[in-house]
Amino acid sequence: MKKLFNLEKIKALSYPPFKTLMIIHFLLFFLVILVVSQLHFTIPGFSIKGLYQFPNIWEFFPWVASWFNIFLTIVLITLVGNEFAYKTFRQNVIDGLDRTDLIKGKLIMILTVALYTFIMVLVAILIFGLIFSKDFSFTIIFENSYLILIYFVQAIGYMTLGLLFAILFRNTALSIILFLVYFPIEGIIRLFFKAEFRAYFPIKIISNLTPRPEFLTMTSEKSYTNASGTSSLDLSEIGIVPENLPLGITVVLAAGYIGFFIALSTILLKRKNL
Amino acid sequence: MEKVLQINNLSKNYGNIRAIENVSFEVNKGEVYGMLGPNGSGKTTTLAVIMGILNANGGSYEWFEQPFSKFSRRRIGALIETPNFYPYLTLWENLKIVAKIKDADEKDINNALGVANLLKRKHTNFGHLSLGMKQRMSIASVLIGNPEVLILDEPTNGLDPEGFAEVRNIILSQADAGKTIIIASHILDEVEKVCTHVAILKSGDLIANGRVGELLSSEETVFIQTEKPEDLIMSIKESNLAKEVYPSDEDVAVVLNADLNSGDLNKFCFEKGFTLTKIQVRKQSLEDQFLQLVK
């Protein structure tokens, strides 16, 4: 594992677009949260500052960061696409790696990038939370803190799906385009299914890991409590079937999809010629 | 003899296109084995299958008398088809990846770059090299980890005559060091100068296999002309005079049995009533023999 990590480190850190894209990712995330923190408008029962206070910030920051997970996936697809474009996967096998080692290497890369974004969001939460919060009791600070772990799972989910696309199409540009196009396509496909089945599609499951914070919506789609204390409308009470599953089930299903993406990627890489 | 590679009835198709079919041969330790054949004959496909980057449709192969694994791959240094490296990494970084995969010492990198005459370029990005330098870089990567077996697919591709000679010297020095070497090439001269054994492929079939001297020897051939060449060929074939007889342009080419000479052939023709208008003894070029084999 250490060997594979070192190999991926050389491949990624010496790749100028990787460094550039990671820096852009970092700057974009902080730019968004800084700009939003400076917005001043008030709606009865809601204030921007409330989003930056514990425990709301555990919901808000992972939700903002989740938009940039797609960006990280594009970085991952580029790295895997390079291996096919430069035929270096094939050279790595000639030199003595197994095809499963190739997948393991990319999974290590996914975990490393997911860990990086996890730490980035965690540090941002702690900094902004401590700046904007008024109540520093232990229970308030760490209430909902588990949501950042779910964000970590989401980052892995998107990137393993990206890995599958990159191995399936073996072309960086095509894989990125099809990955991005898959989002609206899945949305359209979902419309052909009954409401109770719509929540089980992969993108729906993965994106629901960091749902829009409840204090930004009118509907109560989640099982956990409304952290901001604002009232919201429960659609199930008026006979509309909500498309989102309870968070616990969503996490389990996301883990299942991640396993499926990895298994399928491994099978494809083993069966196809390099 | 210690068997390094054993291939049994190996077949590979690309869709409906047959790349190789039922190819079988073995390579023993210390041999310099040439794979000869025209473009598209299946040389690279054979090498790619036995290195695990293409999946075979049939047959089997063993390295070091064991099922193929990543551990046996690390005992082999291989260049297949084109040099495949990360263009944005320096030569040093690219070879560091190879060294890590092979669990080789990083000291090997400088040695390999030195042998390939690329030491001064070690901090240059691979993408900035000329085709010839890229080829030499491949030779350097093949040497990392001091492998027991070297596989070189068209190793002199893109090289100038000087580079050609350098690579040939590298191969010969590695052969002298007791390494087993498998070279795929369509350059006969290259194979003749460095190989001890040769396998000849044509359209995916193995058509000949053996020692270079036996298959591609520069033996004497007698070229004769007569008014009825077809009848003469028939008569010579019916006799025990020649190893081989075949039409060659307007001539009849005759490779005589070892204890016979052109005088014996002349006498035979006279006795059979053929009037010869030309009799010429010349050594048949390797190219002629190769073309005849793959015809």
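One table, with the values for the structure above:
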{"quantity": "Sorted by Cβ density within 10 Å, fewest first, the residues B:108, A:135, B:153", "calculated": "A:135, B:108, B:153"}
{"quantity": "For region B:119-133, 3J(HN,Hα) per residue [Karplus equation, 6.51 cos²θ - 1.76 cosθ + 1.60, θ = phi - 60°, Hz, x = Gly/Pro]", "calculated": "4, 5, 9, 4, 9, 8, 5, 4, x, 8, 7, 6, 4, x, 5"}
{"quantity": "Span from the region A:19-87 Cα centroid across to the region B:162-187 one, whole angstrom", "calculated": "55 Å"}
{"quantity": "Ranked A:150, B:279, B:76, criterion: other C-beta atoms within 10 Å, fewest first", "calculated": "B:279, A:150, B:76"}
{"quantity": "Rounded, prolate or oblate (a/c below 1.5 giving rounded, otherwise prolate when a/b exceeds b/c) for the protein assembly as shown by Cα gyration tensor", "calculated": "prolate"}
{"quantity": "Environment charge of residue B:90, counting only residues whose C-beta is closer than 10 Å and scoring Lys/Arg +1, Asp/Glu -1", "calculated": "+2"}
{"quantity": "Residue of B:135, B:280, B:174 that the Gaussian network model of chain B assigns the largest fluctuation, springs spanning Cα pairs under 10 Å", "calculated": "B:280"}
{"quantity": "For residue B:183, net neighbour charge (Lys/Arg +1, Asp/Glu -1) across residues whose Cβ lies under 14 Å away", "calculated": "-3"}
{"quantity": "Cβ-placed point charges (K, R +1; D, E -1), dipole of the protein assembly as shown about Cα centre in debye, nearest 20", "calculated": "1840 debye"}
{"quantity": "Share, in percent, of DSSP beta bridges within the protein assembly as shown that are antiparallel, nearest 5", "calculated": "65 percent"}
{"quantity": "DSSP-assigned coil residues among trypsin sites (Lys or Arg not before Pro) in region A:70-139, each with at most 13 further Cβ atoms within 10 Å", "calculated": "A:134"}
{"quantity": "Stokes-Einstein translational diffusion, region B:142-185 - Kirkwood Rh over all Cα pairs, 1.306 mPa s, 10 °C, in µm²/s", "calculated": "147 µm²/s"}
{"quantity": "Low-density loop positions, GluC sites (Glu not before Pro), region B:170-278 - DSSP coil, at most 15 other Cβ in 10 Å", "calculated": "B:219, B:227, B:250"}
{"quantity": "Lys, Arg +1 and Asp, Glu -1 on Cβ, resulting dipole of region B:220-294 about Cα centre, debye, nearest 20", "calculated": "160 debye"}
{"quantity": "Farthest positive-ward along chain A dipole, Cα basis, beta-carbon charges - from A:155, A:10, A:30", "calculated": "A:10"}
{"quantity": "Environment charge at residue A:57 (Cβ cut-off 14 Å; Lys +1, Arg +1, Asp -1, Glu -1)", "calculated": "-2"}
{"quantity": "Chain A: angle of helix A:172-191 to the longest principal axis, Cα-based, in degrees nearest 10", "calculated": "40 degrees"}
{"quantity": "Of the GluC sites (Glu not before Pro) in region B:5-75, those whose Cβ has at most 15 other Cβ within 10 Å and which sit in DSSP loop", "calculated": "B:65"}
{"quantity": "Rounded to 5, percent antiparallel among DSSP beta bridges of region B:3-212", "calculated": "55 percent"}
{"quantity": "Fewest-first sequence of A:86, B:246, A:151, B:61 by Cβ atoms within 10 Å of each Cβ", "calculated": "B:246, A:86, B:61, A:151"}
{"quantity": "Dipole magnitude (debye, nearest 20) for chain B, charges at Cβ of Lys, Arg, Asp, Glu", "calculated": "1280 debye"}
{"quantity": "Debye log10 I(q)/I(0) at q = 0.18, 0.23, 0.25, 0.28 Å⁻¹ for region B:220-294, Cα point scatterers", "calculated": "-0.65, -1.07, -1.27, -1.58"}
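The numbers here are math on the coordinates, done by the rules we state, and not lab data. These numbers were taken from a predicted model, which means no experiment stands behind them. Please note: Cβ atoms are built from the backbone with ideal geometry, for glycine as well, and neighbour counts cover all protein chains shown.
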